[in-house]
1. Can you list residue pairs whose Cβ atoms sit under 8 Å apart, with the first residue in the range 89-106 being hydroxyl-bearing (Ser, Thr, Tyr) and the second being in a helix (DSSP H, G or I) and modelled with pLDDT of 95 or more? Count only pairs 6 or more apart in sequence or on different chains.
2. Mind checking which residues of the range 42-65 are of a type in the set (A, V, I, L, M) and over 13 Å from Ile27 (Cα atoms)?
3. Checking the condition within 30 Å of Pro3 (Cα to Cα), under 14 Å from the mean Cα position of the chain (by Cα), modelled with pLDDT under 95 and not small (Gly, Ala, Ser), which residue from Glu67, Glu55 passes?
4. Output yes when any residue across the range 210-227 is open to solvent by 40 Å² or more (accessible area, probe 1.4 Å), in contact with a helix residue (DSSP H, G or I) (Cβ under 9 Å, 6 or more places away or on another chain) and within 25 Å of Arg105 (Cβ to Cβ), and no when none is.
5. Pull out all pairs, ordered by first then second residue, where Cβ-Cβ is under 6 Å, the residues are six or more apart or on different chains, the first lies in the range 199-221 and is over 22 Å from Ile241 (Cβ atoms), and the second is assigned to a helix (DSSP H, G or I).
6. Just name the residue that is farthest from Pro115 (Cα to Cα) out of those in the range 146-163 that are open to solvent by less than 50 Å² (accessible area, probe 1.4 Å) and outside any strand (DSSP E or B).
7. Exactly one condition in (1) open to solvent by 30 Å² or more (accessible area, probe 1.4 Å); (2) small (Gly, Ala, Ser); (3) outside any strand (DSSP E or B) is false for Ser130; which is it?
8. I'd like to verify a number: residues in the range 179-225 that are touching a Pro at 6+ places or on another chain (Cβ under 8 Å) and among the charged types (D, E, K, R), how many?
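The values are calculated or read from the model by the stated rules, or taken from the named source; none is laboratory data. As the structure is a computational prediction, the values presented were derived from the model and not from experiment. Counting neighbours? That spans all protein chains shown, and the Cβs are built from the backbone with ideal geometry, glycine included. Just so you know, the surface numbers come from the protein's heavy atoms only, side chains and all, with ligands and any DNA or RNA stripped out. Shrake-Rupley method; radii C 1.70, N 1.55, O 1.52, S 1.80 Å.
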Amino acid sequence: TAPQILFPVLSSAISDARIRNALLNKIIAGAPWGVNFIDYASINSDPIAAADLLEGLTRRGVTLEDEARARVLVRLTTIGKTTAAWRYYSAMNPRADPRRSRDARFSTNLEIPSPFDWTPINDPMGISSSIQRGSDGAGVFDFHVPATGNGPILRQLQVLPPGSYRLIGRSNGIDQAADARPYWSLSCSDGKEIGRVEVPNSKQNGGVFSGRFVVPSGCTAQTLALIARASDAVGGVSGQIDRAELGPE
């Protein structure tokens, strides 16, 4: 019964840096309840305190489950603490650049992605999407959308500073009428769309697509999403994206 008594008190107390640092030492020393508490704290602690705890563990060489890290990042972004979420994410991923999207070749192998990673979106009405990885280390985003389906099928949260950016990528297997082809959308956190980049049929220009976005001042966080549109084709819309990269012009 110890966790039932200890965890609620401790999950609140880690907002105090002295207690949090002492707790780090306990977990690193091998406290038998450490792994379970990390999971509990990722759900129940103040998300900023939980992020500080997980970041401290990462700095000291503790391997954490994707689920705990992703859960804390989701909680931070849900309450609008995107800056704090990015600080934690970039501490875990030192190569992350706020001016660029991540994982252009879909090569990262994450069981549970965070909002800053590519996140496939599935729908019980028939939208099916996934990231499939090849033997060469790179991967593809594969999707199928029924004829009447529409909406986002892939997304990644960004923290782009104001400025001009270009999205470059490549598709495979897309063959649709112009009004049924998917497109990329970049939107501010308030939902206002900044712009769109159409994805042409894959037989055109070797499947390569490109487009420009201009991020205005005051738009501190953005969502880059691939949007599917309804199709007259009986089989719906299917295809793959094997590269997608957003960066400064």
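1. Close Cβ pairs (under 8 Å, with a partner that is in a helix (DSSP H, G or I) and modelled with pLDDT of 95 or more) amount to Tyr89/Leu73.
2. Of the range 42-65, the ones of a type in the set (A, V, I, L, M) are 43, 48-51, 53-54, 57, 62, 64.
Scanning the range 42-65 gives Ile43, Ile48, Ala49, Ala50, Ala51.
3. Details: Glu55 fails: under 14 Å from the mean Cα position of the chain (by Cα).
Among Glu67, Glu55, only Glu67 is within 30 Å of Pro3 (Cα to Cα), under 14 Å from the mean Cα position of the chain (by Cα), modelled with pLDDT under 95 and not small (Gly, Ala, Ser).
4. Within the range 210-227, the subset open to solvent by 40 Å² or more (accessible area, probe 1.4 Å) is 210, 212, 214, 216-218, 220, 223.
Now restrict to residues that are in contact with a helix residue (DSSP H, G or I) (Cβ under 9 Å, 6 or more places away or on another chain): 220.
Keeping just the survivors that are within 25 Å of Arg105 (Cβ to Cβ) gives none.
Looking through the range 210-227, none of the residues is open to solvent by 40 Å² or more (accessible area, probe 1.4 Å), in contact with a helix residue (DSSP H, G or I) (Cβ under 9 Å, 6 or more places away or on another chain) and within 25 Å of Arg105 (Cβ to Cβ).
5. Ala221/Thr82
6. In the first step, residues of the range 146-163 are kept if they are open to solvent by less than 50 Å² (accessible area, probe 1.4 Å); the result is 146-147, 149, 151, 153-154, 156-160, 163.
Still in the running and outside any strand (DSSP E or B): 146-147, 149, 159-160.
Values: Pro146: 26, Ala147: 28, Gly149: 23, Val159: 11, Leu160: 14 Å.
Filtering the range 146-163 for residues that are open to solvent by less than 50 Å² (accessible area, probe 1.4 Å) and outside any strand (DSSP E or B), the one farthest from Pro115 (Cα to Cα) comes out as Ala147.
7. Result: Ser130 fails condition (3) only.
8. Result for the range 179-225: 1.
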